[in-house]
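Let me begin by presenting the structure, written as structure tokens, before commenting on it.
The values are calculated or read from the model by the stated rules, or taken from the named source; none is laboratory data. Given the structure is predicted, the values throughout are model-derived calculations rather than measurements. With ideal geometry, Cβ positions are generated from the backbone for all residues, glycine too; neighbour counts draw on all protein chains shown. Accessible surface areas use protein heavy atoms only, side chains included; no ligands, DNA or RNA. Shrake-Rupley method; radii C 1.70, N 1.55, O 1.52, S 1.80 Å.
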Amino acid sequence: MQVTSVGHAGFRIDTAAGSILCDPWVNPAYFASWFPFPDNSQLDWDALGDVDYLYVSHLHKDHFDPAHLAAHVRKDAVVLLPDYPVPDLRRELEALGFHDFVETTDSVKHRVSGPKGDLDVMIIALRAPADGPIGDSGLVVSDGETVAFNMNDARPVDLDMVAAEFGHVDVHMLQYSGAIWYPMVYDMPDRAKQAFGTQKRQRQMDRSRQYIAQVGATWVVPSAGPPCFLDDELRDLNDDHGDPANIFPDQVVFLDQLRTHGHDRGLLMIPGTTGDFTGSTLNSLTHPVPDDEAEAIFTTGKADYIEAYAQRMAPTLAAIKASWAPAEGEPLIEPLRAKFEPIMLQTDQICDGIGYPVELRLGAETVVLDFPKRVVREPIPDEKFRYGFGIPPELVRTVLRDDEPDWVNTIFLSTRFTAWRVGGYNEYLYTFFKCLTDERIAYADGWFAESRDDSASITLDGWEIQRRCPHLKADLSKFGVVEGSTLTCNLHGWQWNLTNGRCLTSKGHELRSSKA
């Protein structure tokens, strides 16, 4: 089996029984904030897109690149489709011309047969509203000799089925770096922002090491990040200036941490790097440039590399910015009312879970999303808010013009906004912003209504607690860490006070806990 990195979370997997292209991403994403790192635009994409199978893990735009798929990937490639409850991914791929789909069942091994032979595949589909834009997934592939697990940035709560169905995993590709806007965009003192950033940087790497230990693969390939920020306004987000609070550490940083913890079989792959595997034997690892140049991209030459990259991509960035809607125009309150109020009226779990009005400062205009009353309105004089966002009006006008169903996958991941809050993270609020269609909001509201089982218990460091995390049902016997009277679920970093079960991260989500 040959595994070739095509950048970020993208891989091409070549076997005697066929080839699979996974998550190819080239074009800038999220209002041109994110670029692949290192640059992968120079690859021979027509050759890479000449494949037997296509796998797109989910609809985040650093995994689903519609312009690239339309231009460079064979439309008769068989699509390995995750088992999602909302068919948005299939619809998007059909609109691009793909027509041959293998509809998999979540966490079930399938044998796919083609003219070149048979492959065993399994797609682990995550279906909670917080998983990607209505779903995220990971792919396991076996050609009968080598097993590869491309977990990209999925966060499965259970991986026992991988070993049960495939035995030993030979190569494991997974995310280790940040892909979110916290804490950078929040209005908080610099000292607090540094502390939260430092904590998040380490926790996301700790979570990846937990997955690595759980899967037990022979070889590990850090992937699915970090993005590169080339806009002058965002350049400080790159981890190229020795900031211990930067949440976007790169592959070399994580590989160093793996070695520190006794794991010396991590592999550095850049776009164009190919690893040739026979079972657990690595026959060769070939970079498209000399080995020292490949590592220098992440070390001594990183800042210079990003500067040259930014200069190359400046015309692309300027063209994308020119395509945004103008900042000036009619007041935004009416189109926002037309967009949001019908969605608000369809959901009780989410609006009640948000529980308070939310402020949107859109340039000179302020709009209030009053979730308890299910209305969009103007602010009341001297009104105070527990949660708010400052968003450039051109971004809001663009997503309204384009009828985007997901502000998280457009505005928020761009980091081109500011936020403030009193109290914890509100998961219900961000779920609302990614579910701006009738189908999505109905599914998300039903999911919250049905996900309340906390009957099973475990004992952890002297505390008896419910086994499943109240957030997304992760197994706390695997992801729970107790420090004093605080429980942290390392899957997403959420925390609880074990003395009273109160969630320290978000409103609601109480935990059943007591001294053992």
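Here are some notes:
- Verdict on Asp352 being open to solvent by less than 30 Å² (accessible area, probe 1.4 Å), under 28 Å from Cys503 (Cα atoms) and among the acidic types (Asp, Glu): no
- Within the range 240-273, the set of residues being surrounded by fewer than 21 Cβ atoms within 10 Å (Cβ to Cβ), within 28 Å of Arg12 (Cα to Cα) and touching a Gly at 6+ places or on another chain (Cβ under 6 Å) comprises just one member, Leu258.
- From the list Arg421, Arg397, the lone residue that is in contact with a Gly (Cβ under 7 Å, 6 or more places away or on another chain) and among the charged types (D, E, K, R) is Arg397.
- Val408 in contact with a helix residue (DSSP H, G or I) (Cβ under 7 Å, 6 or more places away or on another chain), open to solvent by less than 30 Å² (accessible area, probe 1.4 Å) and among the β-branched types (Val, Ile, Thr): yes
- Candidate set from the range 274-301 (those that are among the small types (Gly, Ala, Ser) and part of a helix (DSSP H, G or I)); member that is nearest to Ile13 (Cα to Cα): Ala294
- Some residue of the range 27-39 being within 17 Å of the chain's Cα centre (by Cα) and either over 18 Å from Ile320 (Cβ atoms) or outside the structural domain of Gly275 (by the TED database) (or both): no
- The range 54-68 - residue that is without any contact (Cβ under 8 Å) to a residue 60 or more places away in the chain and more than 12 Å from the chain's Cα centre (by Cα) and, of those, surrounded by the fewest Cβ atoms within 10 Å (Cβ to Cβ): Ala67
- Where strands (runs of 3 or more DSSP E) fall wholly inside the range 1-41, the ranges with 1 or more residues that are without any contact (Cβ under 8 Å) to a residue 40 or more places away in the chain are 10-15, 18-22.
- Residue count for the range 160-173, restricted to those that are open to solvent by less than 10 Å² (accessible area, probe 1.4 Å) and more than 18 Å from Leu282 (Cα to Cα): 1
- Evaluation of Cys435 against (1) surrounded by fewer than 20 Cβ atoms within 10 Å (Cβ to Cβ); (2) touching a residue at least 24 places away in the same chain (Cβ under 8 Å) (one fails), failing number: (1)
- Pairs with Cβ under 7 Å, 6+ apart, first in the range 266-277 and in the same structural domain as Pro226 (by the TED database), second charged (D, E, K, R): Leu268/Glu295; Phe277/Asp170
- Some residue of the range 417-435 being assigned by the TED database to the domain that holds Thr347, within 30 Å of Asp232 (Cβ to Cβ) and among the polar types (S, T, N, Q): yes
- Complete set of residues in the range 296-331 that are touching a residue at least 60 places away in the same chain (Cβ under 8 Å) and touching a strand residue (DSSP E or B) at 6+ places or on another chain (Cβ under 7 Å): Ile306, Tyr309, Met313
- Candidate set: the range 320-338, residues that are open to solvent by 60 Å² or more (accessible area, probe 1.4 Å) and part of a helix (DSSP H, G or I); chosen: the one nearest to Tyr387 (Cα to Cα): Arg337
- Filter result (without any contact (Cβ under 8 Å) to a residue 24 or more places away in the chain, closer than 30 Å to Val86 by Cα and either in contact with a strand residue (DSSP E or B) (Cβ under 8 Å, 6 or more places away or on another chain) or crowded, with 16+ Cβ neighbours inside 10 Å (or both)) within the range 374-405: Val399
- Among all residues of the range 339-354, there is none that is farther than 30 Å from Gly508 by Cα, of a type in the set (A, V, I, L, M, F, W, C), in a helix (DSSP H, G or I) and within 27 Å of the chain's Cα centre (by Cα).
- Any pair with Cβ under 9 angstrom, 6 or more apart, that starts in the range 471-483 at a residue that is surrounded by 18 or more Cβ atoms within 10 Å (Cβ to Cβ) and at pLDDT 85 or above and ends at one that is assigned to a strand (DSSP E or B) and basic (Lys, Arg): Leu476/Arg468
- The strands (runs of 3 or more DSSP E) found wholly in the range 85-132 and carrying at least 2 residues that are open to solvent by 30 Å² or more (accessible area, probe 1.4 Å) and at pLDDT 95 or above occupy 101-103, 110-114.
- Selection status of Gly353, in contact with a Gly (Cβ under 7 Å, 6 or more places away or on another chain) and among the small types (Gly, Ala, Ser): yes
- Residue count for the range 69-84 under the criterion of being open to solvent by less than 30 Å² (accessible area, probe 1.4 Å) and either touching a His at 6+ places or on another chain (Cβ under 8 Å) or at positive phi (or both): the result is 1.
- Qualifying residue in the range 178-187 (condition: buried (at least 24 other Cβ atoms within 10 Å of the Cβ) and touching a residue at least 60 places away in the same chain (Cβ under 8 Å)): no
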